Protein chains: 2
Amino acid sequence: MLSVEEARTRILGALEPVGAETVALSEAWGRVLAAPVQARLTQPPADVSAMDGYAVRAADAVEGTRLTLAGTAPAGHPFPGSVGPGEAVRIFTGAVVPAGADGILLQEDADAAGQSVLVKETVRAGRWIRPAGLDFATDETLLPAGHRLTVRDIGLAAAGNHPWLSVHRAPRIGILATGDEISLPGEPVGPGGIVSSNAHALAALVRAAGGVPLVLPIARDDVDAIAEAGRAARGCDLLVTTGGASVGDHDLVQKALLPEGFKLDFWQIAMRPGKPLIWGRLGETPLMGLPGNPVSSLVCGIVFLWPAIAALGGRPNLLPPLRPARLAEPLAENDKRAEYMRARLSTADDGMLLAAAFPKQDSSMLKTMARADALLLRAPHAPALAAGAAVEVIVLSELGL
Amino acid sequence: MLSVEEARTRILGALEPVGAETVALSEAWGRVLAAPVQARLTQPPADVSAMDGYAVRAADAVEGTRLTLAGTAPAGHPFPGSVGPGEAVRIFTGAVVPAGADGILLQEDADAAGQSVLVKETVRAGRWIRPAGLDFATDETLLPAGHRLTVRDIGLAAAGNHPWLSVHRAPRIGILATGDEISLPGEPVGPGGIVSSNAHALAALVRAAGGVPLVLPIARDDVDAIAEAGRAARGCDLLVTTGGASVGDHDLVQKALLPEGFKLDFWQIAMRPGKPLIWGRLGETPLMGLPGNPVSSLVCGIVFLWPAIAALGGRPNLLPPLRPARLAEPLAENDKRAEYMRARLSTADDGMLLAAAFPKQDSSMLKTMARADALLLRAPHAPALAAGAAVEVIVLSELGL
């Protein structure tokens, strides 16, 4: 059995980023840049006022002096002349500081009457002036390639004058649930059958990771049905199967796909939940076979599928971040398999994250997976830990999961 | 000037959740439930095997005994008979445990040859059997109303047999940028003009908060243009303006909208960045006027607009969560306004979050807003703090911002 780390290295090593597409800035939130975004202008483009007030020559604007109003400079309407000795120009936040002026007399520090402005507080040169380029200069790299665009990055790319952005297209991830026992929600459930939850949960995970899911019809436990579904997935960047991966007589996925050109890389990982995990290639298409248990399927989805989609989408070697936490309750020693325990998070009095693993970790219990805030990691052969011991967790909300 | 807390209380108190719509489970990720999701079945529906192996009577399955193979029970194909004394039924993970059996002999603890199964490890009654209802029972509430659906919740709702879900429709948020100095990205920029970044950054923020943005054309600094834009926004659940809110002669938003029926509640908040913030109602439509500075606009968007969209979308009184952190560097004392400082986060050796405020906090510097991981909160009149002091931060990635 492979370690989680080795399996992940082999998975990520086999994936290439998909190509780029052009999207409108307004559609680019959450997308991954395929090229850096460089500033197309300098911001601010000239020295501008940071406040409403009067543009003045600082040397003239001494407390008690009266200046003569020479004009007005609203934002977007620069004053065409220059500020001469003893003069002031009414100015507003964001407006270009007129030639000649080197300071701003704040509105609340002035008494204006007709054409006369009384200085009530001496002005310092440069004060309340934003110099040209304070935020950024033309050709400066604002955002690097491989970066997933936040809300704030959209603002920055707009300010840099980019109506269009080059982003990686969203990787298309085929999702194939297999099994005679499963039905789609709302459809008739056979005797001993259950409702399929994996495909739609994984589809949401694919979206959260930046991919586009393609949910294929459920394939019965039948070589021909699975082989046909495999053929249908040729247009995907990655095919994910769920179910049919374990050691019993009913592991059909490998059997069905071998004649379709499936090349297996590995299929067992020393982890819990989720030991059976197929990784290989169906023709050109990478294939990840996740376990059928809903919790195993989601945990393996977080540990392996999430970084695989990130890598396909232009963010290579990005792993779900591990955050330090303290145990709220003791944990027994671990066996030879890495364990990802469902846990609740809270905050200790001193501000540290506290993680409490659910007492029952059965991989069929989806409700505790939904109630969890984090996955608590236990290394293979980790010793028993007392309450308060340091552990690492994957915070699920941080990944949008 | 109002405090941030009082302003937020007045904003949230004025908002009612929008109505519900029915969406397919596959479109429900990130939506907010308008009704609880109750289990429509019991899961597992009967006692099922947790492993591949043999269903046996535990009393018979003592190490060294040979049992007679009586049949097979794959998942989805329950064994129709019952397991008699001295018998075993081949069973697979997830399959219903046949009548008569009360334990599972693991595959690796058995030697099967023809119709004979040798028990190599004594079986304990109940071991490796998942009892009916282990995950949930019919009519149990799986997910409450007002809950925003995670990836895992989609799986749980599917397992509970829900093809459709009742969710709050996404609140429609009109966004109106005003100003003579601003142009859309890629369009001609006038002398002293800048490229408008607020509208599209706020549109992305609206999406992250679960709303649908409607970006209105830029309104020039002109009473008629703003009044007309105000009329166009009547179909929105909330109208957000940006720019034109400050104290200068050019605050046109209030002036333009008064004849359109605008009722002001308040317009100044004791915070930085972002002092000018209009809150009121234009006819039936709540109106939030954000400052024109890009950083002020985003910070006020996080502090006021994000919870307003949550409240409209069915999550009342939800505020951006505050996380404890320690200061990486000392901070000077604060004045009378609450401050939201852009900060980077790292992790200290002991696992605590470390927050370092950017040295320059000018509200026109969007690049530092894009580079920030968090907003670091300083209460009004907060004393000077040494490095290592406890502070609170809003972690931006946690909100998808």
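Would you check which residues across region A:343-368 are hydroxyl-bearing (S, T, Y) and buried (at least 17 other Cβ atoms within 10 Å of the Cβ) and list them? The answer is A:S363, A:S364, A:T368. The set of residues from region B:151-179 being within 7 Å of chain A (Cβ to nearest Cβ) and buried (at least 24 other Cβ atoms within 10 Å of the Cβ) comprises B:V151, B:R152, B:D153, B:I154, B:G155, B:L156, B:A158, B:A159, B:G179. Out of curiosity, is B:L33 within 30 Å of B:E339 (Cα to Cα) and not acidic (D, E)? Against the criterion (within 30 Å of B:E339 (Cα to Cα) and not acidic (D, E)), B:L33 does not qualify. If the condition is being among the hydroxyl-bearing types (S, T, Y) and either over 25 Å from A:I182 (Cα atoms) or buried (at least 17 other Cβ atoms within 10 Å of the Cβ) (or both), then region B:73-110 contributes only B:T93. How many of the residues making up region B:374-392 are more than 30 Å from the chain's Cα centre (by Cα), hydrophobic (A, V, I, L, M, F, W, C), farther than 17 Å from B:M271 by Cα and not in a strand (DSSP E or B)? The number of residues fulfilling the criteria is 3.
Would you pick out the residues in region A:338-359 that are at pLDDT 95 or above and charged (D, E, K, R)? Within region A:338-359, A:E339, A:R342, A:R344 meet the criteria.
Can we say A:A59 is out of contact with any Gly (no Cβ under 7 Å at 6 or more places or on another chain) and either of a type in the set (F, W, Y) or not assigned by TED's automatic domain parsing to the domain that holds A:Q38 (or both)? Yes. Taken together, A:G235, A:G243 contain a single residue that is under 21 Å from A:L205 (Cβ atoms), crowded, with 21+ Cβ neighbours inside 10 Å and at pLDDT below 90, which is A:G243. Each residue in region A:46-100 was checked for being among the aliphatic types (A, V, I, L, M), within 14 Å of chain B (Cβ to nearest Cβ) and within 51 Å of the chain's Cα centre (by Cα), and 13 of them qualify.
When the criteria are applied in full, A:R371 meets the requirement of being within 11 Å of another protein chain (Cβ to nearest Cβ), within 30 Å of A:I182 (Cβ to Cβ) and surrounded by fewer than 21 Cβ atoms within 10 Å (Cβ to Cβ). Of the strands (runs of 3 or more DSSP E) lying entirely inside region B:284-348, the ones with 3 or more residues being away from every other protein chain (no Cβ under 13 Å) are found at B:285-290, B:338-347.
Pick from region B:180-215 the residues that are in contact (Cβ under 8 Å) with a residue 24 or more places away in the chain and among the β-branched types (V, I, T): which of them is surrounded by the fewest Cβ atoms within 10 Å (Cβ to Cβ)? Write out each step before concluding.
Initially, region B:180-215 is screened for residues in contact (Cβ under 8 Å) with a residue 24 or more places away in the chain, giving B:180, B:182-184, B:197-199, B:201-203, B:205-206, B:208-215.
Now drop any that are not among the β-branched types (V, I, T), which leaves B:182, B:206, B:212, B:215.
On the way: B:I182: 27, B:V206: 28, B:V212: 15, B:V215: 18.
The residue in question is B:V212.
Looking only at residues in region A:182-224 that are among the aliphatic types (A, V, I, L, M) and in a loop (DSSP other than H, G, I, E, B), the one that is farthest from B:D47 (Cα to Cα) is A:A209.
In the set (1) buried (at least 24 other Cβ atoms within 10 Å of the Cβ); (2) assigned to a loop (DSSP other than H, G, I, E, B); (3) more than 26 Å from the chain's Cα centre (by Cα), B:G274 fails one condition alone, (3). Of the set (1) at the interface with chain B (Cβ under 8 Å from one of its Cβ atoms); (2) surrounded by fewer than 20 Cβ atoms within 10 Å (Cβ to Cβ); (3) assigned to a loop (DSSP other than H, G, I, E, B); (4) out of contact with any strand residue (DSSP E or B) (no Cβ under 7 Å at 6 or more places or on another chain), all apply to A:E398 but (3).
Answer yes if at least one residue in region A:360-371 is assigned by TED's automatic domain parsing to the domain that holds A:D335 and assigned to a strand (DSSP E or B), and no otherwise. Looking for residues that are assigned by TED's automatic domain parsing to the domain that holds A:D335 and assigned to a strand (DSSP E or B), one finds none in region A:360-371, hence no.
The values are calculated or read from the model by the stated rules, or taken from the named source; none is laboratory data. The shown structure was predicted, so the numbers you read here are calculated from the model rather than taken from an experiment. Ideal geometry is used to build each Cβ from the backbone, glycine not excepted, and the neighbour counts take in all protein chains shown.
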